[in-house]
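This report concerns only the one structure given below.
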Amino acid sequence: MRRNLTFLILTVAVLAGLWLAMKPDTAPANNAEIVAQTQTVNFDIVSGSTPEPQIIRLKIGDTAQLNFVSDTDAAVHVHGVDMHIPLSAGIKEQREFVATQTGRFSLEVHDTEMQLGTIEVYPR
């Protein structure tokens with residue numbers, strides 16, 4: 001029993017040492033300052049849809065300025081985050097999407113379930 005415990009402790013110590021020695025460096029190269037970017041994306045919604053869904057690519061910390069204009073009253077939802085955007089016909093609505101987590105987030109018109117696009121957030 002004592003022999004098994006000693007083996008277990010040594011194994012954990014070796015694995016911890018290997019992990020510390022081989023873990024990736026998370027600091028930016030040559031300590032360069034990371035600057036977040038902002039993208040402006042316009043959605044013109046006609047009869048509940050857009051000509052082609054857009055793909056918005058961001059990195060953690062970036063912001064997407066989302067501008068919506070619809071010819072009818074509608075509501076847009078961003079799946080995966082708590083963002084609901086009510087739209088009134090002919091009135092421009094703006095929202096900021098700040099990339100705080102990685103993943104894919106679909107933008108969809110509620111009434112028609114038409115996909116407006118996808119926000120893809122990648123690690124920095």
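The values are calculated or read from the model by the stated rules, or taken from the named source; none is laboratory data. Computed from a predicted structure; not experimentally measured. Because the Cβ atoms are built from the backbone with ideal geometry, glycine has one as well, and the counts that use them run over all protein chains shown.
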By my count, strands (runs of 3 or more DSSP E) wholly in region 35-124 with at least 1 residues that are at pLDDT 95 or above, among the hydroxyl-bearing types (Ser, Thr, Tyr) and surrounded by 15 or more Cβ atoms within 10 Å (Cβ to Cβ) are 63-70, 115-122
I want to confirm something. Restricting to region 1-13 and keeping residues that are among the aliphatic types (A, V, I, L, M) and either exposed (fewer than 10 other Cβ atoms within 10 Å of the Cβ) or modelled with pLDDT under 80 (or both), which single residue is nearest to the chain's Cα centre (by Cα)?
12
